[in-house]
Structure formats: C-alpha cells, structure tokens
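Here the structure is laid out as structure tokens; the discussion comes afterwards.
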Amino acid sequence: MKIRRLLLAAFVLIAASSFGQKAYQPRVITTATPFLSINPDSRGGAMGDCGVATSPDVYSMHYNPAKYVFLQDKLNVGVGYSPWLQALVKDMGLFYVAGSYKINERSAVAATMRYFSPGMIVFRDEHNTKIGEYNPNEWAFDATYSRMLGDYLSGAVAGRFVYSDLTQGVGDYSKPGISVAADVAVYYKRPVEWFSSVDADFAWGAAITNIGSKMAYNSSSDKKDFIPTTLRLGAGLGIDIDEYNSLAFTADFSKLLVPTPPVRDQQTGEILYGMDNDVAVVTGMLHSFYDAPGFAYNTITNEYDNIGKFYEELCEVNIGVGIEYWYNNIFAVRAGYFNETALKGNRKYVTAGAALHYNVFGLDVSYLIPVSGTVGANPLENTLRFNLSYSFGGKKKSES
C-alpha cells in the first residue's frame, strides 16, 4: 500500500509540474524527414497513436513489424491517405501503400511505401523575387522479415530507404536528402486466465525505428540532421466478452532517440547547459537518454530556470492510451488520448474512429480533436483519415 501511495504521489507531482511548463519557452527536438513520424494508420490514429502492442494488421510496419507473423490471413494489402494542414494547404498529405505475405506459421514478410507531398510551393530569393513554383516531395520504401522466436514471441528486422527532395535543385549546392535506415522489434502475445468468465489475451511490444544515417540538403556543408529514430514500448489487453463482443485496451510510450539540443549563448553560440548534439548516430541514440540540459527559459522572468535533467528527460516521453470495441468482427468503434508535454511541443488530443470490415474488405476512419488549447498544434486536427484493406487466404479475425 505504501508503494502505491508513493507512486501516486510521484505521478501527481509530474502532472502538476507539466501544467506549470506553460511559462517556459518550448524546447522541441527537431529532425529531418518528420514525415516518417506521421502515423499512416487510421486504426492507430483513432486509439491515441498507439500500435506497438495492438493486434497485428497490414499497417504494423509503422509501429512494430514483428507483429506481421501473427496475422491470420496469408495475404494483406492496404492503402491509406492522411491529409496534412488542410486548413492552410489543400493539396498536402501522406499517401501510404502496404502489403504483407505470410510464408508459413513461423515467418512473414511485408513491404510498404509512403509518399509525402507538401503541395505546390512558391520559391523566392533573398529579395522576395519569385523564382518559380515547385512541388517538393518525400518518400520512403521499406521491407521487413518477421519470425516467431518462440510460442508467443516474435522478432523482426526492417530496412528502409528514404528520399527527401525539398529544395528541388534551387540553389547552387542544394541536393535531395538521402538516408538508409533500419528497424528492430519484438512482439509477445499469449492467452491469459486473469478473468474467470471471459477469454483474454495479453501482449507487449518494443521497437526502435529509423536507425539510420543523417541527412543533408546542401553539398557544401558538413552539417547533417538526424532522422527521427524512435523508441516505442507498449502493452495491450484484449477481452472476448462473448461470442459477438470484444474489447481491447492499449497504452504506448514513445521517445525520440535523438540528442537534445543544448542551451547556447545567443551571441557567441557557446554551450551554456547540456551536451554538444553534433555527434554520430549511435552516440546520439545513447546520449538521448541523459543529455537533457535541465534548464528552461522562463518567459515571465526572462531567465533560465533549473528544472532538472531527469525531469526534462521525462518530458521527452510521449504517452498514448486507446480502447477498441468490436461487434461480431464486423463493426468497431475506437477512442484514445495522446499527451506530449508543453516543454516538448504541447500536442494533446483526443482521438476517435470507427471501422467496417466485411468479408475480405475493410474500411477504417479516424478523427482527431485537439485539447491543448493551441490552434494548429497538430496538423491532423479536425480532419478525417481513411484506410482501405484487403485480406484473403486465411480465417478472418477481429482486430481487437
């Protein structure tokens, strides 16, 4: 009982501190190719951006490719579209195509391709003279092999090629950015007898995605940016209430494995607090766990406050929770919540969605409602996302 009270007190203190962050200037970690962090899956998007430990589907590549070997159907194909900043730009969005093939009961392969279009953009020079209209684009192609490592545990490795052409060759030294990356993941799922009257499954998953080379858009500079290497951990519980009704609960924790920028003197550029973030990829991944400066700029006092290194590291962990209800393996409704601390971006939103799966076809939609009070905090706010899927060659099963 004492331990529970201590844990509760700790969470209350963390929550109280998070509310107080509004006085601090945000210290957001930025990366190249942020489109790799966009969730292309309407199902995960409806469940608080959770997916590392949910049941598998054709869109598992983004969260946890180790789930593919748990698919019931032999062949799965999916297409999706996620609009982006629709209130400002009508032709910006992410297009996604995914496919998986189950080789046998112990192994599976999958591949996906995502294409991000920022829409038509007018380029201007330093004198504000129009240079021309261009259509920058970014895309990524990846493939994975997933295999059972035991009766309930699976693992996967994935490779990814990333191409980002944002400058369209404008400028003497501009060039497209190119990176090669990899994912490693594990997934565990087994039946549990936690409830006397209903069947249940417990699952957990872990994945590190986008472990890859830095990216540059200028051939004359040695300065390169990290791509969004991300660690995800999560757990899920599925409950079969009866023959027709089932519920699933899930929670995800995610963190960028990218170095936190240090606090620098605005005049000299000298590091005041923190560590130099111009390091190699693997070094940056390791530094990301302990390199937070622990100082934040107070916009009221115009001074840097010592908020603590450990506290800032905690602020870099995003939390998502979700729930899913299926009726007769045909119709589903979903809801969730995603939280990012104010110090690291302040994305806070409620998610909702539904699904209709009939025979071999499926339609999933999701909707995002911001609750942070900051208009435009999430580019997907108040927009619908759609995914279509097609599966055959196996027994159709609820995705709860």
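The table below lists the values:
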| read-out | value |
| --- | --- |
| Within-10-Å neighbourhood charge of Asn210 [Cβ basis; K, R +1; D, E -1] | -1 |
| Expected-Rg normalisation [2.2 N^0.38 Å, Cα atoms] applied to segment 243-289 | 2.05 |
| Estimated FRET transfer efficiency when R0 is 60 angstrom, pair Asn128-Glu105 (beta carbons, to 0.05) | 0.45 |
| Separation between Cα centres of segment 214-278 and segment 42-117, rounded to whole Å | 19 |
| Distance (nanometres) between label positions extended 7 Å along Cα→Cβ at Asn382 and Arg190 | 4.9 |
| Environment charge at Leu286 (Cβ cut-off 14 Å; Lys +1, Arg +1, Asp -1, Glu -1) | -2 |
| Förster radius 35 Å - calculated FRET efficiency between Asn328 and Tyr81, Cβ distance, rounded to 0.05 | 0.80 |
| HN-Hα J in Hz across segment 29-43 - Karplus 6.51, -1.76, 1.60, θ = phi - 60°, x for Gly and Pro | 7, 10, 9, 6, 6, x, 5, 5, 8, 6, 6, x, 9, 5, 5 |
| Efficiency of FRET from Cβ geometry, Ile319 and Val279, R₀ 35 Å, rounded to 0.05 | 0.80 |
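Values quoted throughout were computed directly from the atomic coordinates according to the rules given, and no laboratory measurement underlies them. A quick note: this is a predicted structure, and the numbers were derived from the prediction, not measured. Cβ: placed from backbone, ideal geometry, glycine included. Neighbour counts: every protein chain shown.
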